[in-house]
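Following: one structure in structure tokens, then a few remarks.
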Amino acid sequence: MYDKVLTNKAITTDYNSSVPQLIQQIARWHCDRNLIDGSTDKDQYMKLIQEGELSDNICKNKDIADDIGDIMVVLINIAVRNGLSIEHCLEVAYNDIKDRKGTMVDGVFIKEEV
């Protein structure tokens with residue numbers, strides 16, 4: 001069932017070598033522009049918040065691929081600055097949510113209090 005949903009949503013579970021390579025290229029891009037040593041987590045978080053085009057384009061039914069990509073670029077910066085990999089961050093988040101139970105309220109998942 002889930003594979004069908006993922007396929008219908010055009011999400012693939014086949015991560016080829018291009019994803020890790022892109023992450024490395026983006027990390028290098030940050031280093032080459034002094035955005036690792038020359039910035040702070042706070043600065044990068046503020047940049048993340050400024051990526052508000054996602055909300056605007058969702059509301060206007062416009063393409064959101066670049067907006068999601070921009071957010072991921074900033075998140076890669078924050079991860080690199082803290083010695084974390086995107087894979088590790090996703091694993092930690094998944095382990096946090098994998099057994100979570102809750103209900104949908106107006107299209108939003110509300111987690112069950114434990």
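The values are calculated or read from the model by the stated rules, or taken from the named source; none is laboratory data. Predicted model, so just to flag it, every value in this text is computed and none were measured. All Cβ positions, even for glycine, are placed from backbone atoms using ideal geometry, and neighbour counts span all protein chains on display. When the accessible area is computed, the model is the full protein with side chains, heavy atoms only, and any ligands, DNA or RNA have been set aside. Shrake-Rupley method; radii C 1.70, N 1.55, O 1.52, S 1.80 Å.
One residue is enough: does the range 75-87 have a residue meeting the conditions within 23 Å of GLN25 (Cα to Cα), among the hydroxyl-bearing types (Ser, Thr, Tyr) and open to solvent by 70 Å² or more (accessible area, probe 1.4 Å)?
No, the range 75-87 has no match at all.
Residues satisfying the criterion are present in the range 94-112 (criterion: out of contact with any Pro (no Cβ under 8 Å at 6 or more places or on another chain), open to solvent by 90 Å² or more (accessible area, probe 1.4 Å), modelled with pLDDT of 95 or more and not acidic (Asp, Glu)). Summed over the range 50-95, residues that are small (Gly, Ala, Ser) and part of a helix (DSSP H, G or I) total 5. Looking at the range 23-37 only, could you name the residues that are more than 17 Å from the chain's Cα centre (by Cα) and either in a helix (DSSP H, G or I) or aromatic (Phe, Trp, Tyr) (or both)? ARG28, TRP29, CYS31, ASP32, listed by residue number. Every condition in (1) modelled with pLDDT of 95 or more; (2) outside any loop (DSSP other than H, G, I, E, B) holds for LYS47 except the one numbered (1). Across the range 30-54, the number of residues qualifying as farther than 18 Å from GLY83 by Cβ and of a type in the set (A, V, I, L, M, F, W, C) comes to 4.
Within the range 48-60, residues that are closer than 9 Å to VAL74 by Cβ sit with their Cβ atoms under 6 Å from residues that are assigned to a helix (DSSP H, G or I), at 6+ positions apart or across chains, in these pairs: LEU48/VAL74; GLU51/ASP70; GLU51/ILE71.
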